[in-house]
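Asker: One structure is given below, represented as structure tokens, and several questions about it will come after.
The values are calculated or read from the model by the stated rules, or taken from the named source; none is laboratory data. Treat the numbers as computed from the prediction; the structure is a model and nothing was measured. Cβ: placed from backbone, ideal geometry, glycine included. Neighbour counts: every protein chain shown.
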Protein chains: 2
Amino acid sequence: MKVVIVGGVAGGASAAARLRRLDEKIEIVILERGAYISYANCGLPYYLSGKIQKEEDLVVQTPELLGKRFNLDIRTNQEVMEINQIKKTILIKDQIKNKTYEEKYDKLLLSPGAKPFIPPIKGLDTDKVFSLRDIPDVLAIKEFLEKKNPKRVVIFGAGYIGIEIAENLKKAGFIVTIIELMDQILGPLDYEMATLVHQHLKEKEVEFYLSDPVQSIEHDGSCQILILASGKKIKTDMIIMGVGVRPEIGLAKDAGLDIGTTGGIKVNEYLQTSDPDIYAVGDAIEVLDYISGSAALIPLAGPANKQGRTAAGNILGERSVYNGTQGSSIIKVFDITIATTGNNEKLLKRNKITYQKSYTHSPSHAGYYPGASPISLKILFSPDDGKILGAQAVGKEGVDKRIDVIATAIRAGLSVSDLENLELCYAPPYGSAKDPVNMAGYVANNIIKGDVDIFHWDEFEQHDLNNCIILDVRKPDECEEGIIESAINIPLDELRDRLGELDNNKMILIYCQVGLRGYLAYRILKLNGFSKVKNLSGGYKTYYPTTCIQSNCPLYSYEKILKSDVLEADSKK
Amino acid sequence: MKVVIVGGVAGGASAAARLRRLDEKIEIVILERGAYISYANCGLPYYLSGKIQKEEDLVVQTPELLGKRFNLDIRTNQEVMEINQIKKTILIKDQIKNKTYEEKYDKLLLSPGAKPFIPPIKGLDTDKVFSLRDIPDVLAIKEFLEKKNPKRVVIFGAGYIGIEIAENLKKAGFIVTIIELMDQILGPLDYEMATLVHQHLKEKEVEFYLSDPVQSIEHDGSCQILILASGKKIKTDMIIMGVGVRPEIGLAKDAGLDIGTTGGIKVNEYLQTSDPDIYAVGDAIEVLDYISGSAALIPLAGPANKQGRTAAGNILGERSVYNGTQGSSIIKVFDITIATTGNNEKLLKRNKITYQKSYTHSPSHAGYYPGASPISLKILFSPDDGKILGAQAVGKEGVDKRIDVIATAIRAGLSVSDLENLELCYAPPYGSAKDPVNMAGYVANNIIKGDVDIFHWDEFEQHDLNNCIILDVRKPDECEEGIIESAINIPLDELRDRLGELDNNKMILIYCQVGLRGYLAYRILKLNGFSKVKNLSGGYKTYYPTTCIQSNCPLYSYEKILKSDVLEADSKK
């Protein structure tokens, strides 16, 4: 048997190794269009700042070593031009020798990846416009930076790759501006969670424009002038594309293989295309969203590797099912970490899934042990049975751990009440006796059980504010840093003695710094006969950054968000 | 209704707060024998090195603030002497006024904790012997250190508290010696995992004696001379007890409440004692081991807090079940982290649970991004269905995350094949496309599926070594650092060409550095017709430190363990 693999990076390389582990006799051919296989594509941005220093560190495996170890016929600089499904052959162009040849296959595995999207803007066709997909791309950018001595760089798009490029170029000393079509950076986050990162980028002096796409580009000597929708003009010495990727489906489409509604190659649960002898994996395919079951494009390295492994088994007669992708992802942005798993609100709305949400800001580890900082955690769950639908977190420390725990809970089909009972490791340097994940579970489950009625940062206006009392239960010194308009302040510890000051006929909208004291105040009021009470989920820490961006007010520092006391748990040993 | 809580730390404080959140009207009394409630007992060792600087940082909540916030009647320095179950009263001794009084209760919650065990050794009754349970204890030790100017400290017992005290006193400049009855430190670890920590302690110049208990103590002026079982004599200026804790059951026992076989207060799944109006939580109770279902003492702060919350609900009429404790725990030892969850081998044997185990040493994050270090991970699982029974990990970075993920998987009843499919967050600073947890899943599941037959570090002798080939498949330069006796070396990448050198009639015992290349070699040999082949799980990295300790050979540095290449995955993007 002969298996031919098109593409030798994540999914392709993973599949080849697995195929050989399962069978010593079959012939395995890898055809890679580029000069490199199995390179560190997620590491490319870090080469721009010198965090990853050597070009050779970007190469995970050379064709020679991988070929030797797994007895593979690896051919680089070979572009597959055509698939003939009847003859079971492919037409290959050898880009070095500049000639074409045919190769037979018994099973074909497509792992062509995705290519950076270039928006249709006039003037983008200059030699000062770059993308970042592979090693030659990063070498070209590095060479331009070193030889042409640019000072200003504009990045189109504030997705993961755009932000990673921005951080690394800023660290390398360039003036960096990001231009983003949407009203937020980092699409996998919901808006209010992204606002925390907006503040951090401002602190780090990365300029960004939101909801303000580039309309046209003018040239002025060696520099480009970008004209935004708002009319604003931005001068730059180079442009890097980070507006996302599109599946490489040309080959599959030309062969008549089914393409999904999302634009990726369609595969079944065994990762077979519409031709059962042709499998496909990685960024080029349409997957099932693990939460909604709907078709999606989720280009991530972890799933690509797992798909490669699964497809390899199936090519050799296993019947392993690929169960869908939940979209666990993470990014470092200067001093903070942002991670997400499952669906965000935007997706849940699009998929018409009913959800509730809650916010917590818990210390990353016991407050009395030095170095703790808050983890801002949003959790999305079914209001019926509490099933976890997604989570997003932002913070300095321990963000990856909490989202990985919730990602595991999602895979296992757990609900928010299960999060309450997770027994996670606790010692002061690592967590709290009630871990942030436990806290998120308590808070969410209190909502489901009806122990608290909440409202959200963007829902003030949904209330008849003339018939509401906005009640701030923080300490007076906390209020000095900012208070929600028309709120009255009764500190939590005085509330029982001052119930008479509140009008029971009005709706009482409570808030505190992070939501915990607000919850305690809610309980006091409800149990003392107040009938219409709600607590602001996530408190002032969730509310304020959103208003801050919306009104273009001066820098509300993420450092300040980190500073305020979050140590309000019952017991923090 | 009046609820009286005996003990105001973890479980007691947690219960009180929850009771008040559920009910504004009931009377809640907390009786605490000591002067402090809700203090940072897990933080106490860190006060000895100055990592936690101020005494006030050890106090999480003062009686005044907690009492005010939750409307609690908190009385410190009150020792409960007696329970009258018929009259539903308790007899209390006010230790300040030195008089006794009675108090009625409707429901009683016992949260008395556990006390340090003092072994029956003659000569331990001096004023130079200390324990560390609460704030007065730590202040007494600190005062002795400052006023008596000791140079040498001996710690009895190498459990979590003993090792934490050792680290902090070493950092404060003292000569620290640990004396341990067992042949390893840190009982929650199995022996071969503990050997990694032994090496690290040696590097940090903490002296320790294993399997060598103190037999007697002599006094020589202001110093003590400890005579060990081996005859060795050790001089010291002070002694600190770290040999473990025993449940505080005096009050419960005197009242005739049932005591479990393990010596803890017996409770049902609702945390009720044998008197349904008396509940008990925390280190004083006997819990169900979540893995085996057998009775166990598992004194940990996280479970104590959760029990307090559960008991509070049940006191007010909920019927919440406490589902048992799985023993997730973690400790920082100088530069490394050790974490465990579920049962270790010792427990599984005792509980007569059939298990298999496997070892991996995976990089904490992508190898091409600076700063990665290996995580040594042991996973225990059912050989039948792959259900996860326990895990232990040692490493510099990311250990807490991986054990918390596995702890979550255990709670959800997942198996090792589920670990393969977990979709965890990946970016180069945080992990790998195939996370260490995925890798552990692959390795364990390969064993279950029969894709590999393994043997363990202590099983060489179980083979007829005269009829075995011990095959080292590492590179020659790796072998220079040490090779297993009588092994022959054929590097993996030469194996296919040198099959003729191996005798198919012999059992071939393969090993490499961490187990991955050994697995690849196993597959090559099996698929090429060799019938008797096994791979050493965890490779030389798991094997060598154990032999090193056993033979008292010179320091095998943990730094060296960290250094060797572990970057052998198929694809590391």
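Asker: Quick one: how many residues across the stretch B:408-434 are under 24 Å from the mean Cα position of the chain (by Cα), free of Cβ contacts under 8 Å to residues at least 24 places away in the same chain and part of a loop (DSSP other than H, G, I, E, B)?
Answerer: The qualifying residues number 1.
Asker: Out of the residues in the stretch B:206-236 meeting the condition of being closer than 21 Å to B:ASN149 by Cβ and assigned to a loop (DSSP other than H, G, I, E, B), tell me which one is nearest to the chain's Cα centre (by Cα).
Answerer: Here the residue is B:VAL206.
Asker: Now, a different point. Is it the case that some residue within the stretch B:286-294 is within 13 Å of chain A (Cβ to nearest Cβ), farther than 28 Å from A:LYS449 by Cβ and surrounded by 17 or more Cβ atoms within 10 Å (Cβ to Cβ)?
Answerer: Just the residues of the stretch B:286-294 that are within 13 Å of chain A (Cβ to nearest Cβ), to begin with: B:287-291.
Cutting the leftovers down to farther than 28 Å from A:LYS449 by Cβ gives us B:289, B:291.
Cutting the leftovers down to surrounded by 17 or more Cβ atoms within 10 Å (Cβ to Cβ) gives us B:289, B:291.
Checking the stretch B:286-294: at least one residue is within 13 Å of chain A (Cβ to nearest Cβ), farther than 28 Å from A:LYS449 by Cβ and surrounded by 17 or more Cβ atoms within 10 Å (Cβ to Cβ).
Asker: Looking at B:LEU108, B:LEU181, B:LEU139, B:LEU65, which is the one that is more than 27 Å from B:GLY244 (Cβ to Cβ), surrounded by fewer than 21 Cβ atoms within 10 Å (Cβ to Cβ), in contact with an Asp or Glu (Cβ under 9 Å, 6 or more places away or on another chain) and among the aliphatic types (A, V, I, L, M)?
Answerer: Numbers: B:LEU108 fails: surrounded by fewer than 21 Cβ atoms within 10 Å (Cβ to Cβ); B:LEU181 fails: more than 27 Å from B:GLY244 (Cβ to Cβ); B:LEU139 fails: more than 27 Å from B:GLY244 (Cβ to Cβ).
Within the list B:LEU108, B:LEU181, B:LEU139, B:LEU65, the selection yields B:LEU65.
Asker: So, one more: Do the conditions hold for A:GLY317, that is, is it surrounded by fewer than 24 Cβ atoms within 10 Å (Cβ to Cβ), modelled with pLDDT of 95 or more, within 12 Å of chain B (Cβ to nearest Cβ) and more than 26 Å from A:PHE117 (Cβ to Cβ)?
Answerer: Working: surrounded by fewer than 24 Cβ atoms within 10 Å (Cβ to Cβ): yes; modelled with pLDDT of 95 or more: yes; within 12 Å of chain B (Cβ to nearest Cβ): no; more than 26 Å from A:PHE117 (Cβ to Cβ): yes.
No: the conditions fail for A:GLY317.
Asker: Turning to a different aspect of this structure: What number goes with the only condition from (1) within 14 Å of another protein chain (Cβ to nearest Cβ); (2) more than 30 Å from B:VAL4 (Cβ to Cβ); (3) of a type in the set (Asp, Glu); (4) in a loop (DSSP other than H, G, I, E, B) that B:ASP385 does not pass?
Answerer: The single condition B:ASP385 does not satisfy is (1).
Asker: Scan B:GLY529, B:GLY482 and give me the residue that is out of contact with any Lys or Arg (no Cβ under 7 Å at 6 or more places or on another chain) and more than 11 Å from every other protein chain (Cβ to nearest Cβ).
Answerer: Values: B:GLY529 fails: more than 11 Å from every other protein chain (Cβ to nearest Cβ).
Answer to the selection: B:GLY482.
Asker: I'm told A:GLY282 meets every condition in (1) on the phi > 0 side of the Ramachandran plot; (2) in contact (Cβ under 8 Å) with a residue 40 or more places away in the chain; (3) surrounded by fewer than 17 Cβ atoms within 10 Å (Cβ to Cβ) except one. Can you identify the failing condition by its number?
Answerer: The single condition A:GLY282 does not satisfy is (3).
Asker: When you scan the stretch A:256-279, how many residues do you find that are away from chain B (no Cβ under 14 Å) and surrounded by fewer than 20 Cβ atoms within 10 Å (Cβ to Cβ)?
Answerer: 15
Asker: Determine which member of the set A:ILE403, A:ILE448 is in a helix (DSSP H, G or I), at negative phi, within 11 Å of chain B (Cβ to nearest Cβ) and under 33 Å from the mean Cα position of the chain (by Cα).
Answerer: Step by step, each of A:ILE403, A:ILE448 is checked, and only A:ILE403 is in a helix (DSSP H, G or I), at negative phi, within 11 Å of chain B (Cβ to nearest Cβ) and under 33 Å from the mean Cα position of the chain (by Cα).
Asker: Take the residues in the stretch B:237-257 that are in contact with a Pro (Cβ under 6 Å, 6 or more places away or on another chain) and in a strand (DSSP E or B); name whichever of them is nearest to B:ILE165 (Cα to Cα).
Answerer: Checking each candidate, the answer is B:MET241.
Asker: Does B:ARG309 qualify as being within 12 Å of chain A (Cβ to nearest Cβ), in contact (Cβ under 8 Å) with a residue 12 or more places away in the chain, of a type outside the set (S, T, N, Q) and within 27 Å of A:TYR430 (Cβ to Cβ)? It would help to see each step written out before you state the result.
Answerer: Values: within 12 Å of chain A (Cβ to nearest Cβ): yes; in contact (Cβ under 8 Å) with a residue 12 or more places away in the chain: yes; of a type outside the set (S, T, N, Q): yes; within 27 Å of A:TYR430 (Cβ to Cβ): yes.
Spelling it out, B:ARG309 is indeed within 12 Å of chain A (Cβ to nearest Cβ), in contact (Cβ under 8 Å) with a residue 12 or more places away in the chain, of a type outside the set (S, T, N, Q) and within 27 Å of A:TYR430 (Cβ to Cβ).
Asker: Looking only at the stretch B:32-41, count how many residues are modelled with pLDDT of 95 or more and surrounded by 23 or more Cβ atoms within 10 Å (Cβ to Cβ).
Answerer: The qualifying residues number 1.
Asker: Output the residues belonging to the stretch A:1-50 that are touching a Gly at 6+ places or on another chain (Cβ under 9 Å), at the interface with chain B (Cβ under 9 Å from one of its Cβ atoms) and basic (Lys, Arg).
Answerer: Within the stretch A:1-50, A:ARG18 is the sole residue that qualifies.
Asker: Among (1) in a loop (DSSP other than H, G, I, E, B); (2) closer than 25 Å to A:GLY302 by Cβ; (3) more than 14 Å from chain A (Cβ to nearest Cβ), which single condition is B:ALA366 missing?
Answerer: (3)
Asker: Could you tell me which residue of the stretch A:112-130 is nearest to A:ALA255 (Cα to Cα), considering only residues that are part of a strand (DSSP E or B) and of a type outside the set (D, E, K, R)? Lay out the reasoning, then the answer.
Answerer: First, pick out the residues of the stretch A:112-130 that are part of a strand (DSSP E or B): A:114-116, A:129-130.
The next check asks that each one be of a type outside the set (D, E, K, R); those that pass are A:114, A:116, A:129-130.
On the way: A:ALA114: 18, A:PRO116: 23, A:VAL129: 32, A:PHE130: 30 Å.
The qualifying residue nearest to A:ALA255 (Cα to Cα) is A:ALA114.
Asker: Of the numbered conditions (1) more than 10 Å from chain A (Cβ to nearest Cβ); (2) free of Cβ contacts under 8 Å to residues at least 24 places away in the same chain, B:TYR442 satisfies every one except a single condition; which is it?
Answerer: The number of the failed condition is (1).
Asker: Hey, another quick one. Please determine, by comparing only the residues of the stretch B:320-338 that are within 7 Å of chain A (Cβ to nearest Cβ) and part of a strand (DSSP E or B), which one is surrounded by the fewest Cβ atoms within 10 Å (Cβ to Cβ).
Answerer: Filtering the stretch B:320-338 for residues within 7 Å of chain A (Cβ to nearest Cβ) gives B:323, B:325-326, B:328-332.
Add one more test, that the residue is part of a strand (DSSP E or B), and what stays is B:325, B:329-332.
Values: B:THR325: 23, B:SER329: 23, B:ILE330: 24, B:ILE331: 23, B:LYS332: 20.
Per the criteria, the residue is B:LYS332.
Asker: Among the residues of the stretch B:295-304, is any part of a helix (DSSP H, G or I), free of Cβ contacts under 8 Å to residues at least 40 places away in the same chain and farther than 17 Å from B:ILE388 by Cβ?
Answerer: Yes, the stretch B:295-304 has at least one match.
Asker: If A:GLY482 satisfies every condition in (1) under 25 Å from A:PRO363 (Cβ atoms); (2) at pLDDT 95 or above but one, which is the exception?
Answerer: If we test A:GLY482 against (1) under 25 Å from A:PRO363 (Cβ atoms); (2) at pLDDT 95 or above, just (2) comes out false.
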